[in-house]
Structure formats: structure tokens, C-alpha cells
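Student: Pasting in a structure now, in C-alpha cells, and then I'll have a few things to ask.
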Amino acid sequence: MSNDIQMDDAGTEKRDDWVKITSSDGYSFLVKRSVAAISGTLKNMLSEDSSFREAIANTCPISERAAVVEKVCEYMSFKAYYEGPGSKEGVDVNEFTERIPPEVALELLLAADYLEGVLDSSI
């Protein structure tokens, strides 16, 4: 994924391309805006048409601990990559689910429900 970082005409990275997602225990995760938009809730929070403080600050707080938010970000990135354009080899869903520790599974499901459609029912 060598073309992940898009540059503007001056050769600098655009600030609005990245979004900070914060956990309840103070950890922050930077993800591409297009990745965060996989979540209906985050997409609405970050909508340029809204006057939400999340859209203005490019920061979305999620009231879950860092281990859960990390897995949510990881899954959104996984989903964005494999649903994006271009041919990719088929990836077994188990490749992702094997990386979910059992101790965060329930919290992850609750977070996914809040974030509207982050996790597919096939997982």
C-alpha cells in the first residue's frame, strides 16, 4: 500500500486525510478518513456538512478501552483494503478473527454495534 499517503500540490500531506480516534483510557489511533468512514457512526461524526465538534477537530472519542479501539481500527483497515478497488487474493475471514483475543470479544461486539456496521455478521 505504497500510495496510502496522499499529498497536495505543494507535496505536503493533507491534514483532513487523517482522523484521530481516542479510547476512554487516553490512547489515540490515527486512521485514514476513508477507513473511519466504514463506520456509519464515525462517518456521521466526521461529516463536513455537520457542525459536530468531532468534524471540526478531526477527533472521534470512543468510550471503550484501547484494546477494543485498536481492534476496531484494525478491522476497519482490513475491511477497507479488501473491499477496495483492485484485485486481491481471497482472504479467509478467519485470518482476522484469529487475532481477536477472547477477553475483548464481547466488548468488541458492543463497540461494533455502536459504530453501526463495522463488523459483518459473518464474523
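The values are calculated or read from the model by the stated rules, or taken from the named source; none is laboratory data. All of these numbers come straight from a predicted model, not from anything done at the bench. Ideal geometry is used to build each Cβ from the backbone, glycine not excepted, and the neighbour counts take in all protein chains shown. Surface areas here come from the heavy atoms of the whole protein model, side chains and all, with no ligands, DNA or RNA. Shrake-Rupley method; radii C 1.70, N 1.55, O 1.52, S 1.80 Å.
Student: Any residue in the range 104-123 that's under 16 Å from residue 80 (Cα atoms): show its pairings with residues that are modelled with pLDDT of 85 or more and in a loop (DSSP other than H, G, I, E, B) at Cβ separation under 8 Å, as long as the two are six or more apart or on different chains.
Tutor: Hits for this filter: 115/39; 115/62; 116/39; 117/38; 117/39; 118/38; 118/39.
Student: Can you pull out the helices (runs of 4 or more DSSP H) entirely within the range 30-109 that have at least 3 residues that are open to solvent by 60 Å² or more (accessible area, probe 1.4 Å)?
Tutor: Of the helices (runs of 4 or more DSSP H) lying wholly inside the range 30-109, those with at least 3 residues that are open to solvent by 60 Å² or more (accessible area, probe 1.4 Å) span 66-83.
Student: Those residues that are at pLDDT 90 or above, in a loop (DSSP other than H, G, I, E, B) and open to solvent by less than 70 Å² (accessible area, probe 1.4 Å), I need them from the range 1-29; list them, please.
Tutor: 23, 26
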